[in-house]
Amino acid sequence: MGDVPAGFVRPALAGLIPYEPGKPVEEVQRELGLERVIKLASNEGPLGPFPQALEAMERAAGELNRYPDGGAFRLRSALAERHGVRFEEIAVGAGADALIDGISQAVLDPGDEIVCGWPSFPSYVIYGLKLGAEPLRIPLQEHRYDLEALLAAVTPRTKLVYVCHPNNPTGTMNTRAELDAYFERIPEHVLTVLDQAYFEYIDDPEYADGIEEYFKAGRRLMVLRTFSKIYGLAGLRVGYGVADAAVVTALGKTRRAFDLATPAQEAALASLDAPDELARRRELNMQGRTELERLLRDAGYDVAGPTVGNFVYADVGDDAQALFEALLRQGVIVRPLAGFGASRAIRVTVGTPDEHAFLAQALARVGTTAAAS
């Protein structure tokens, strides 16, 4: 079959660079012939699913000949009860990323604008570009979202403003006072998407809960959360959003039927009532993040902060792709950030103490090699 005719593919897709996931461990082992490879690239939780989630998936296995509940009734009901909102105000999808895709499809026409900080999560920009919208990327200030500059960038054509909180990839957050001031001034025609994918990791008193403090106060926003991070369910893809019922209805019109598999729904449900395990993982992450920051600083890299998620952003002072490839040859997968808008930086996920020790050895070998060349 020959090339597609000119004009067959939509113009909005011309030149679009799709999101590139972190390399899988098996792929690196296969390509480089390495026995041990660790992945610290995709902000996954290092501890796996909760025990009760594993049990729930096993119970669900006998029903895999049946399609899942397309409306995710039990999961949406449990989330509505958990957050004290109406069932109609809960949207679910295959990860928070699916909800970013869905809200983009629901509201953006060619020529509309989205506003976000930059560097930040690429999906905000990619999904807008796919639809012919214009993304306005607002530079960060000291690695943090500049909410004043976001407000200044809003025009009558702006439909969506994304606030990544904490920001991925820098791991930094905005204060409650900054967000309060932002919501006081954001025009009514704009929907703010407050991305709180790392919410459960954070215990900083200045970190605002978007559902409790802004959605319930009547602000026009959608708050995103996910089971992919601290809950250890990244491989199942379960995310949710809290928004006005009319927004949730519109999202439902863009969502693929049966996009949340039965094991995913059951595992998410089973993970909701485990406060002690959440607290344990939050504490382990805080300890691991401190250790990871030290390792990267000791290696001579400039670490952004204060960081509050389960990852660390480091400016390496040069093209980060070279460091990524050098670490890859040592069996460590980190994330180069050119696709996020930061070509001189890497993002490293908090791992286990054993993984951090392996990383430290790899950094030392890479440093020795660089010094000798």
- Filter segment 2-46 down to residues that are over 18 Å from the mean Cα position of the chain (by Cα), assigned to a loop (DSSP other than H, G, I, E, B) and not hydrophobic (A, V, I, L, M, F, W, C), then give me how many there are. 9
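Can you tell which of Leu99, Leu147 is touching a helix residue (DSSP H, G or I) at 6+ places or on another chain (Cβ under 9 Å), of a type outside the set (Gly, Ala, Ser) and either at pLDDT below 95 or within 29 Å of Val9 (Cβ to Cβ) (or both)?
Numbers: Leu147 fails: either at pLDDT below 95 or within 29 Å of Val9 (Cβ to Cβ) (or both).
Step by step, each of Leu99, Leu147 is checked, and only Leu99 is touching a helix residue (DSSP H, G or I) at 6+ places or on another chain (Cβ under 9 Å), of a type outside the set (Gly, Ala, Ser) and either at pLDDT below 95 or within 29 Å of Val9 (Cβ to Cβ) (or both).
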- Does Tyr240 count as outside any helix (DSSP H, G or I), in contact with a Lys or Arg (Cβ under 6 Å, 6 or more places away or on another chain) and under 20 Å from Arg76 (Cβ atoms)? yes
- Query: What number of residues within segment 285-308 are surrounded by fewer than 17 Cβ atoms within 10 Å (Cβ to Cβ) and either under 20 Å from the mean Cα position of the chain (by Cα) or closer than 14 Å to Glu200 by Cα (or both)?
  - Reply: 3
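Being open to solvent by 10 Å² or more (accessible area, probe 1.4 Å) and under 13 Å from Leu194 (Cβ atoms) is the filter here; which residues of segment 217-229 pass it?
The first filter runs over segment 217-229 and keeps only residues open to solvent by 10 Å² or more (accessible area, probe 1.4 Å), leaving 217-220, 229.
Result: Ala217, Arg219, Arg220.
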- Message: Only one of Arg329, Arg282 is within 22 Å of Pro21 (Cα to Cα), out of contact with any Pro (no Cβ under 7 Å at 6 or more places or on another chain) and surrounded by fewer than 17 Cβ atoms within 10 Å (Cβ to Cβ). Can you tell me which?
- Response: Arg329
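Within segment 153-162, does at least one residue satisfy the condition of being open to solvent by 10 Å² or more (accessible area, probe 1.4 Å), within 16 Å of Tyr214 (Cβ to Cβ) and among the hydrophobic types (A, V, I, L, M, F, W, C)? Lay out the reasoning, then the answer.
Applying the first criterion (open to solvent by 10 Å² or more (accessible area, probe 1.4 Å)) to segment 153-162 yields 153-157, 159.
Cutting the leftovers down to within 16 Å of Tyr214 (Cβ to Cβ) gives us none.
No, segment 153-162 has no match at all.
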- Check off (1) over 27 Å from Glu212 (Cα atoms); (2) out of contact with any helix residue (DSSP H, G or I) (no Cβ under 9 Å at 6 or more places or on another chain); (3) at pLDDT 95 or above; (4) of a type outside the set (Gly, Ala, Ser) for Pro139 and give me the number that stays unchecked. (2)
- Query: How many residues are more than 12 Å from Gly45 (Cα to Cα) and in contact (Cβ under 8 Å) with a residue 60 or more places away in the chain when one looks only at segment 276-285?
  - Reply: 1
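State all residues of segment 142-152 that are buried (at least 17 other Cβ atoms within 10 Å of the Cβ) and not in a helix (DSSP H, G or I); if no residue qualifies, say none.
Narrowing segment 142-152 to residues buried (at least 17 other Cβ atoms within 10 Å of the Cβ): 143-147, 150-151.
Selection gives His143, Arg144, Tyr145, Asp146.
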- Note on the structure: Restricting attention to segment 340-359, the residues that are of a type outside the set (S, T, N, Q) and surrounded by fewer than 17 Cβ atoms within 10 Å (Cβ to Cβ) number exactly 3
- Qualifying positions in segment 250-297 - within 19 Å of Thr170 (Cα to Cα) and not basic (Lys, Arg): Asn285, Met286, Gln287, Gly288, Thr290, Glu291, Leu292, Glu293, Leu295, Leu296
- Item | First in segment 41-62 and more than 27 Å from Lys23 (Cα to Cα), second anywhere and at pLDDT 95 or above and open to solvent by less than 20 Å² (accessible area, probe 1.4 Å), Cβ under 6 Å, 6 or more apart | Ala56/Ala267
- Picked from segment 3-40 (must be under 30 Å from Thr262 (Cβ atoms) and in contact (Cβ under 8 Å) with a residue 24 or more places away in the chain), the residue surrounded by the most Cβ atoms within 10 Å (Cβ to Cβ) is Lys39
- Task: Grab the strands (runs of 3 or more DSSP E) fully contained in segment 90-141, keeping just those with 2 or more residues being free of Cβ contacts under 8 Å to residues at least 24 places away in the same chain.
- Result: 134-139
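The values are calculated or read from the model by the stated rules, or taken from the named source; none is laboratory data. Since this is a predicted model, take the numbers as computed values, not measurements. Ideal geometry is used to build each Cβ from the backbone, glycine not excepted, and the neighbour counts take in all protein chains shown. Areas reflect the complete protein model, heavy atoms only, side chains present, ligands, DNA and RNA absent. Shrake-Rupley method; radii C 1.70, N 1.55, O 1.52, S 1.80 Å.
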